[in-house]
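Worksheet: the structure to be examined is printed underneath.
Since every read-out is calculated from the coordinates, none of them should be taken as a lab result. Owing to the predicted nature of the structure, the values given are computational and were not obtained by experimental measurement. Ideal geometry is used to build each Cβ from the backbone, glycine not excepted, and the neighbour counts take in all protein chains shown.
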Amino acid sequence: MKPGDELPVLSVPVTRTLIVAGALATRDFTDVHHDPEAARAKGAPDVFMNILTTQGLVSRFLTERLGPGARLRKLSIRLGTPNYPGDTLHVTGTITSVSDDERAVEIALMGINSLGRHVTGTASMTLSPQEAGS
Amino acid sequence: MTVADLSAQLTAYEGRSAVLGGRGRDPVDAAMIRHWCEAMGVPGPDPAVPGVGPGVAEAPPAMLQVWIMSGLSGAVGRTAAYEELVALLDRAGCTAVVATDCEQEYLRPLRTGDEITFDAVIESVSPRKTTALGTGHFITTRTEIRANGELAGIHRFRVLRYAPARTRTASPAERPRPVINRDNAGFWEGVAGHRLLIQRCTACGRQRFPWLPGCGECGSPLWEAVEASGEGVVFSYVVMHHPPVPGFEAPYAVGLIELAEGVRMISSLVGVAPARIRIGMPVALEFVRAGDQELPVFRAYEEGL
Amino acid sequence: MTAAAIVGIGATAFTKDSGRSELALAAEAVRAALADTGLAPGDVDGMVTFTMDTSPEIAVARATGIGELAFFSRVHYGGGAACATVQQAALAVTAGVADVVVCYRAFNERSGRRFGAGVRGREPSAEGVALGWGLPFGLLTPASWAAMHARRYLHMYGLTTEVFGHVAVTDRRYAARNPAAYFHGRPLTLAEHAASRWIAEPLRLLDCCQETDGGQALVVTSLARARTLRRPPVVIAAAAQGAARGQEQMTGFYEGDPGGLPETGVVARRLWRDSGLGPADVDVAVLYDHFTPYVLMQLEEFGFCGPGEGGGLVASGTLPINTHGGQLGEAYLHGMNGIAEGVRQVRGTSVNQVPGAGRVLVTAGSGVPTSGLILAADG
């Protein structure tokens, strides 16, 4: 693993179920994440994904790509275009730095949907010895 | 209150507490972890994490904020300062809220049974910003989250509180199209090339607009097109409120422009609030694009500006 | 036999594809006919064409240098109209309502009225083009066109929209006492007018007439015959049409000062001339009120008061106007119900009867080529 390595893409269909289940699983009851009428009243065409679900999907991407022993230390994300039902979120990541002992890595993240950049961010992770050696 | 006044009032909240002595509704629990893992599509909580002990599961780090969410029953534990800040923004029309940034640092894993406490500080309130969603202010809070009294994570969260932009922005492409036939096609060809053409009778020299295939003064069918300077004044105007017209957001101003050449034409008045339009106000030609159609419009210039 | 004659003829080339608009063809034919007579465009004061023609009389006039019109008429039923246009002209000339009348018809029947790659279907007519100049700028309703005049009117005389309120209040006061009126029993105050919502500033909702489903008919016969019938005759003391130089349909912004109604001026001069009467002789005026400002401008064009003084005149109540409640208050039937009110006033049967009313002025829609009547008691 070295800087510049690209992690395999994770593609997640953005279903209405994912949006609502994600909002409730993160205890976020803001109406725009489950009520299409309320979302329209606030200028959106439909319900859209909350930030905590995006964060969960990004963390899923990192854990799946770097192995179950990898531990998330820092995660910073910024939201861009909304995730509406029917879209697909494609999460990508690039290794930006690897420590000398290959235990600590930093990743630049991006999640793209049909409207553009849904999320950008950075993550810091520590790897378990066996994963660091792979 | 002016924009500057509001910004000054908002800035005064920086550094003040948003939440003091906050407490998670429940200890970290396996059901909530499972619920989260199922929604995100990851394996459920593993109760056999090495070194944790039987029957104890570790929560995914990204769940950090979940344990301090208010839930359906509403926010509790917010300070008066934070409530005042929100009320101030509400009164300024910033009634909608959307999260934009989240930065988290995970210092200690959270495990089932951990009691969660937290404190939050208003780190910054931005000046007025205009975004695609609407105009408003970013509020950044920094929350320290503890598990059984031990610092477990730092959560920096930024929301935009904003006045929603109109739910349906009129698209200029939907505007009624010009009516074009052989008698006035030359005018619209000129507009496509950003030239404002009027007719001049080659028999008597009279300049005319609207376009016609003959002179109203002498009756001659002979004419040539001449380019107008684009300078003029407001001769009369209307502020349209009703009915809705596709491609326009009411109220909008329509002017009767008297050009320097002495002819008059109907056009949009831009660059001036309808209430500030006055007859005699100087205007200058601009071209705008509505879909695939170029249109001549006139920008008004207020005296002394 | 009539005392009228045909004095000139003119035509375009006859082709399969003229390459020009129908208005351009009509204008060329009219120019040729006038050249044949030796008369100037300014000598023409009447025009007749087919209802099917796409080039309005006023558009042909604007493109040929013909000025004010005192007679314009259209005949229905396609080709059946041909000789009838001449008959209309002859009637006008022998009746003395016009001196020189041009009859015309022009079309691109063969080339199918198609042109240009980007336009589908029929080529827009001259009428469509004239109204179309405001479309892409969102000026496309009768109220918006009237408002452009109204703004200029207020500016010219330094007035506020309260002057429009006087018209609305007066109409509704009469309507409130008229059981046939839609707004029977519902008078209006100036404050209510001022509080009504904007439609097209400076016009409010209560400056715009209502919309109505309904009908109105009138019967005309000779005065000799009329005297044999059961109702007292209401004499048509004068009748006139009017179109101004450069006349448009509601979009007459381009010439002169749109604070007035030049077509109404044409009608006024004709009516006063033909009746031998003047403003002081009129007992009741029924003035077409699609939009309140036009009532004020009509009062001024007819000389009931000076320019800009219409609002004050209406507020004073010295001249009874729109005693049926007007189209704002009674019904909007394109002015035909106003003629009926004129008849009732002369008969002495109006619900808002003006005692001894013997002479009534009735007008038609203004801002467009218009008309008017002076109705009078017999004898």
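Using R₀ = 25 Å, calculate the FRET efficiency as 1/(1 + (r/R₀)^6) where r is the Cβ-Cβ separation of C:ARG273 and C:THR349; round to 0.05.
Once the sixth-power term is evaluated, E becomes 0.25.
Name the residue farthest towards the positive end of the dipole of the protein assembly as shown from the options B:PHE248, C:ALA81, A:LEU62, assuming +1 on Cβ of Lys and Arg, -1 on Cβ of Asp and Glu, about the Cα centre.
C:ALA81
When the Karplus curve 6.51 cos²θ - 1.76 cosθ + 1.60 is applied with θ = phi - 60°, which whole-Hz ³J(HN,Hα) does each residue of the range C:80-95 get, with x for Gly and Pro?
Result, rounded to whole Hz: x, 7, 3, 5, 5, 5, 5, 4, 4, 4, 5, 4, 5, 5, 6, 7.
I'd like to know which of A:GLY121, A:MET1, A:HIS90 lies farthest towards the positive end of the charge dipole of chain A, counting +1 on Cβ of Lys and Arg and -1 on Cβ of Asp and Glu.
A:GLY121
Choose one answer from C:ALA29, C:ALA191, C:ALA331: the residue with the largest mean-square fluctuation in a GNM of chain C with alpha-carbon springs under 10 Å.
Comparing C:ALA29, C:ALA191, C:ALA331 in a Gaussian network model of chain C, the most mobile one is C:ALA191.
Looking at the protein assembly as shown only, what percent of DSSP beta bridges run antiparallel? Nearest 5 please.
Counting DSSP beta bridges with both partners in the protein assembly as shown, the antiparallel share is about 90 percent.
Taking 41 Å as R0, compute the FRET efficiency from the Cβ-Cβ separation of A:ALA41 and B:HIS194 and round it to 0.05.
0.50
Among DSSP beta bridges whose residues both lie in chain C, state the antiparallel percentage, nearest 5.
Expressed as a percentage, antiparallel bridges in chain C total about 60.
In whole angstrom, how far apart do the alpha carbon centroids of the range B:109-147 and the range A:82-114 sit?
23
Suppose each label sits 7 Å from its Cα in the direction of the beta carbon; what would the C:ARG177-A:THR15 distance come out to in nanometres?
So the label points at C:ARG177 and A:THR15 sit 7.5 nm apart.
With equal scatterers on the alpha carbons only and no solvent term, can you work out the Debye log10 of I(q)/I(0) for the range C:22-132 at 0.15, 0.22, 0.24 1/Å?
Result of the Debye calculation: -0.64, -1.24, -1.41.
Could you list which residues have their amide H under 5 Å from that of C:ALA237, counting only those 5 or more apart in sequence or on another chain, with H placed in the peptide plane?
It is C:ILE374, C:LEU375, C:ALA376, by chain and number.
What does the charge dipole of the protein assembly as shown about its Cα centre add up to, to the nearest 20 debye, if the Cβ of each Lys and Arg holds +1 and the Cβ of each Asp and Glu holds -1?
In debye, rounded to 20, the protein assembly as shown gives about 1160.
Rank B:ALA147, B:HIS35, B:SER73 by how far each Cα sits towards the positive end of the charge dipole of chain B (+1 on Lys, Arg Cβ; -1 on Asp, Glu Cβ) and give me just the farthest.
B:SER73
Taking the Kirkwood radius as the inverse of the mean 1/r across Cα pairs, report the Rg/Rh of the range B:3-164.
1.04
How large is ³J(HN,Hα) for each residue in the range B:293-299, as worked out from phi by the Karplus curve 6.51 cos²θ - 1.76 cosθ + 1.60 (θ = phi - 60°), to whole Hz, x for Gly and Pro?
10, 7, 9, x, 10, 10, 8
For the protein assembly as shown, can you list the cysteines whose C-beta has no other cysteine C-beta under 4.7 Å from it?
B:CYS37, B:CYS94, B:CYS102, C:CYS83, C:CYS103, C:CYS208, C:CYS209, C:CYS305
Take the Cβ-Cβ distance between B:ASP5 and C:LEU333 as r, set R0 to 51 Å, and report the resulting FRET efficiency rounded to the nearest 0.05.
Step by step, r from the Cβ atoms, then E = 0.35.
Non-local amide H neighbours of B:TRP223 (under 5 Å, H modeled in plane, Pro and chain starts lacking H): which ones?
The answer is B:THR202.
Any idea how far apart B:GLU38 and B:SER126 come out in nm if each label point goes 7 Å out from Cα toward Cβ?
The answer from the label model is 3.7 nm.
Once each part is reduced to its C-alpha centroid, what is the distance from the range C:256-301 to the range C:16-47 in angstrom?
31
When DSSP beta bridges are limited to those with both residues in the range B:172-300, what percentage is antiparallel, rounded to the nearest 5?
If I count the DSSP bridges inside the range B:172-300, around 95 percent turn out antiparallel.
So what is the relative contact order for the range B:114-181, in percent, with contacts set as C-alpha pairs under 8 Å and at least six apart?
Value for the range B:114-181: 29 percent.
On a C-alpha basis, how far is the centre of the range C:169-191 from the centre of the range B:246-280 in Å? Whole number, if you could?
So the separation of the two Cα centres works out to 36 Å.
Rounded to the nearest 10 degrees, what's the angle between the helix A:51-66 long axis and the longest principal axis of chain A, both from Cα atoms, 0 to 90?
It is inclined by approximately 30 degrees.
Name the long-range amide H neighbours of B:VAL297: under 5 Å, sequence gap of 5 or more, or other chain; modelled H, no Pro or chain starts.
Those lying under 5 Å, H to H, from B:VAL297 are B:GLU286, B:PHE287, B:VAL288.
With axes computed from alpha carbons, what is the tilt in degrees of helix A:16-25 against the longest principal axis of chain A, rounded to the nearest 10 within 0 to 90?
With rounding to tens, the tilt is 70 degrees.
So if I place +1 on the C-beta of Lys and Arg and -1 on the C-beta of Asp and Glu, and nothing else carries charge, what would the dipole magnitude of the range B:152-292 be about its Cα centre? I want it in debye, nearest 20.
For this selection, approximately 860 debye.
At a 10 Å Cβ-Cβ cut-off, how would you order A:LYS42, C:LYS16, B:LYS129, fewest neighbours first?
Taking fewest neighbouring Cβ atoms as first place, the list is C:LYS16, B:LYS129, A:LYS42.
With +1 on each Lys and Arg Cβ and -1 on each Asp and Glu Cβ, and nothing else charged, work out how big the dipole of the range C:1-72 is about its Cα centre, in Debye to the nearest 20.
160
Relative contact order for the range B:184-245: what percent, with Cα pairs under 8 Å and sequence separation of 6 or more?
In percent, rounded to a whole number, it is 28.
Among rounded, prolate and oblate, which fits the range C:147-256 when a ≥ b ≥ c are the square roots of the eigenvalues of its C-alpha gyration tensor, a/c under 1.5 means rounded, and a/b larger than b/c means prolate?
It comes out oblate by the Cα gyration axes.
Per residue of the range C:32-46, in order, report the coupling 6.51 cos²θ - 1.76 cosθ + 1.60 (Karplus, θ = phi - 60°) as ³J(HN,Hα) in whole Hz, putting x for Gly and Pro.
5, 5, 5, 4, 5, 7, x, 7, 8, x, x, 7, 6, 9, x
Once both axes come from the Cα atoms, what is the angle between helix B:30-40 and the longest principal axis of chain B, in degrees from 0 to 90, rounded to 10?
For B:30-40 against chain B, the angle is about 30 degrees.
Over its Cα atoms, what ratio of radius of gyration to 2.2 N^0.38 Å does chain C give?
1.04
Test of understanding: in a Gaussian network model of chain B with alpha carbons linked when under 10 Å, which of B:ALA57, B:ALA203, B:ALA228 would top the mean-square fluctuation ranking?
Sorting by GNM fluctuation, first place goes to B:ALA203.
Just grab the label-to-label distance for C:ALA224 and C:THR94, each label 7 Å out from Cα along the Cβ direction, in nm (one decimal).
About 1.5 nm separates the two model spin labels.
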